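Quick notes on the structure that follows.
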Amino acid sequence: MLEIKNITKIYKTEGFTQKALDNVSINFRKSEFVSILGPSGSGKTTLLNIVGGLDKYTSGNLIINEISTKKYKDKDWDSYRNHRIGFVFQSYNLIPHQSVLSNVELALTLSGIGKKERKRRAIKVLKEVGLSDHINKRPNQLSGGQMQRVAIARALINNPDILLADEPTGALDSETSIQIMNLLKKISKDKLVIMVTHNPELAKEYSSRIISLKDGKVTDDTNPYNGEEIFYKKDKKYKKTNMTFLTALSLSLNNLMTKKGRTLLTAFAGSIGIIGIALILSLSTGVNNYIKKVQEDTLTSYPLMIQKNSIDTSSLMSSFLDKSSKTEHDNNFVYSKDIMTDMISTMYSGVTTNNLKEFKKYIENNKELKKYSNDIKYSYNLDLQIYTKDYLKVNPSNMMDMFGFSNQYDTGGIAIFSELSTNKKLLNSQYDVVKGRMPNDYNELVLIVDDNNELSDYVLYSIGLKDQKELQETMKNMMMGEEIKEFDQTKFSYDDILSLEYKLVLNSDYYEYDGDVWQDQTNNLSYLKDIVDNGIALKVVGIIKPSEGSNISVTNGVGYTKMLSDYVINKINESEIAKDQINNPDINIFTNDNFKDLETYEGNLNKIGVMDLEDPYIINIYPKDFESKDKIEEIIKSYNDSKESEIDKIEYTDYVGLLMSSVTTIVNVIGYVLIAFVSISLIVSSIMIGIITYISVLERTKEIGILRSIGASKKDISRVFNAETFIVGLTSGVIGIILHILLLHDPKN
């Protein structure tokens, strides 16, 4: 019926391994009274727990009716404990807030037995152990012997095949011990009874078999059994154990009702905590979301900028502004204040060259830096050459030439075409799509309008939506002294915008090989039209505008993806002119002369547009918030500290630190206020958690152990805790609603 075969049990803790059972093999008869003797630590209780399914063996096998338990799942062990095993403990392990009848019925509730049948069976088994007159008493109203009889009745209620008793007489006097031993001996006539005891006298007098253990091994067996005569009946399939939520509610409610005062106080505290936490969380979430949004938008406009050629802007501004020291002068004269010399000295001495190629590798391998960044944008010293179909150059725009400004000032600091963020989540939070969609490919663009669906006329002229000749005529009239007429506001349909197409020309396309050198054909109108006609087609696929509450700086212009920049650079690098110059680093391909210095060679490469994607010209790091910005600065400092040479260290410009330092102070103040609010909610939450944990764990540990021993699954135990939490939470909610109604009640109504 039951066979323990080569079972070993090892307990492992930190730095310590304990072998509780060492290759133990025992066969048990269908019905016998087996006592297991041995000193403390010999493995007796471990063996009992393994037989009872409360503990799992490390190796070996536990065989029940010729069926191995190696592949038993948790639900199989739960069913095994509920239907085949009955436990009797030294300390009785009765649930104090349940009646004697309810304690005995408990195992039947897991078996799915109806209420009437449960009561009938429980009364019957209590009568068999001599307790029919005590069914409505609580355990604390019984003697030690009576409580142990209740435990035996509970163990027998499901008619198990095996009864396991762990020191059943350890807490009883001699007379009561004899009564319990006689009862166990009587039970062993029909069942297998396995008892762990330290009392060899009782074992010899009442047991039919004594097994001695020492150091996890069987040292003696007074009546061994080889199993040859065993009669195996077909193993019965028992129903899976299951505790209904109503049963869990009943157990929890009975437990809580024994502590009415504390339960009400807990519920009352919970109601205050629930109301307080809800208010604090609402306020905290709203303010934090707003701050996060402002920070993201601010830092999107003012990233940490690392340029290949960098000037210490902070020192430059300090040299211009910080002249606080005073020198005593003769009041009869006016003296010069030396600012420009210091500023020029600081400017030239402060120019550093950053090794962005190496720093980019560092960034790509630094997960911490990426964690604190919304986006990291690599920019290259390359102007995208973009034209309309009518050959109007829209980027870099030549529009400002008509005002007498050179190209370096053509936009007055306003970027018409700009690269969008690679962080799609951030991009979608900053902009709303008015019409169309966001760009998904290298040749797709979006038009960016302001929150009122407006574009400045500067942008409209620059991108060819308005005729630049109109502006030229206006300027001509103004110079002739004529009155300038105001233009009517122009509007464009979404379809007009989404039909816009441009042509992109590679920087390398401007040059043609004439058999000896490469010639610049920029001023060759016929050649220019030809390369524009054959240029890369770009299409506006969407119209976007800043989201409500967004503070981003780019609100007018055209946006393109990083894919376009990478595509153009790769195409230029693969061009014939680029390969010709790279393969002949000593020859100037425009003059066929030898280079005099390396700078001229690099100047040719820049002129053609040759770029190394691994060596950016500018790296813009967009922190998630001000705290993240500080973390990123610490990472950059750590990078610099790892470099021995000053040349290898990185200098960067912190526009946020220079222009918006006051925002940090405001955010910190708000943060401290929120922390104070959150601290209150945390204290309330901690009190609630402490109370619930105290009630649900410390006071119900014994009950959990009892439920597990009679076959309750982990899910059933969770259901008990959930039921108690539900009751306390429901009570807290009801109290909170009542208090809320009373506080808001107007006595006049």
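The values are calculated or read from the model by the stated rules, or taken from the named source; none is laboratory data. This is a predicted model, so every value here is computed, not measured. All Cβ positions, glycine included, derive from the backbone under ideal geometry; neighbour counts span all protein chains shown. For the accessible areas, the whole protein counts, side chains as well, though only heavy atoms, and no ligand, DNA or RNA atoms are used. Shrake-Rupley method; radii C 1.70, N 1.55, O 1.52, S 1.80 Å.
Observations, loosely collected:
- Computed E for Thr725/Lys476 - FRET, C-beta separation, R0 60 angstrom, nearest 0.05: 0.15
- Cross-link partners of Lys116 among lysines (Cα-Cα below 23 Å; sequence separation of 8 or more within a chain): Lys124, Lys127, Lys137, Lys239, Lys240
- Cα shape, segment 117-199, gyration tensor, a/c 1.5 rule: oblate
- Pairs from Lys370/Lys562; Lys44/Lys714; Lys425/Lys491; Lys56/Lys714; Lys377/Lys424; Lys360/Lys637 whose Cα-Cα separation, in the structure shown, is over 20 Å: Lys44/Lys714; Lys425/Lys491
- The residues of segment 514-574 have, on average, 47 Å² of accessible surface per residue, using a 1.4 Å probe with all protein chains present.
- Given their separation in residues at 0.36 nm each and the Cα-Cα distance between them, Ile704 and Lys214 gain 173.3 nm when the chain is fully extended.
- Calculated FRET efficiency for the pair Asn289/Leu382, C-beta based, R₀ 60 Å, to 0.05: 0.95
- Measuring r between the beta carbons of Lys56 and Asn159 and using R0 = 22 Å, the FRET efficiency lands at 0.30.
- For Thr422, net neighbour charge (Lys/Arg +1, Asp/Glu -1) across residues whose Cβ lies under 10 Å away: +1
- The alpha-carbon of Lys596 sits under 14 angstrom from the alpha-carbons of these aspartates and glutamates, leaving out residues fewer than 8 places away in its chain: Asp586.
- Model label zone, Ser132; criterion: amide N under 16 Å from point 7 Å along Cα-to-beta-carbon; scope segment 100-115: 101
- With protein chains left intact and a 1.4 Å probe, residues in segment 88-132 average 44 Å² of accessible area per residue.
- Packing rank of 595-605, 558-568, where each peptide gets the mean count of other beta carbons within 10 Å, highest leading: 558-568, 595-605
- Shown here for segment 130-204: trypsin sites (Lys or Arg not before Pro) in loop regions (DSSP other than H, G, I, E, B) with at most 14 other Cβ atoms within 10 Å, namely Lys189.
- Whole-number percent relative contact order across segment 1-117, with pairs defined as alpha carbons under 8 Å at least 6 apart: 25 percent
- With a simple spin-label model that places each label point 7 Å from the Cα along the Cα-to-Cβ direction, the separation between Glu117 and Lys367 comes to 5.6 nm.
- Net charge of Cβ neighbours under 10 Å - reference Ile63; Lys, Arg +1; Asp, Glu -1: 0
- Environment charge at Ser91 (Cβ cut-off 12 Å; Lys +1, Arg +1, Asp -1, Glu -1): -1
- Cross-link reach list, aspartates and glutamates versus Lys503, counting only Cα pairs under 16 Å and skipping chain neighbours closer than eight places: Asp383, Asp390, Asp441, Glu444, Asp530, Asp533
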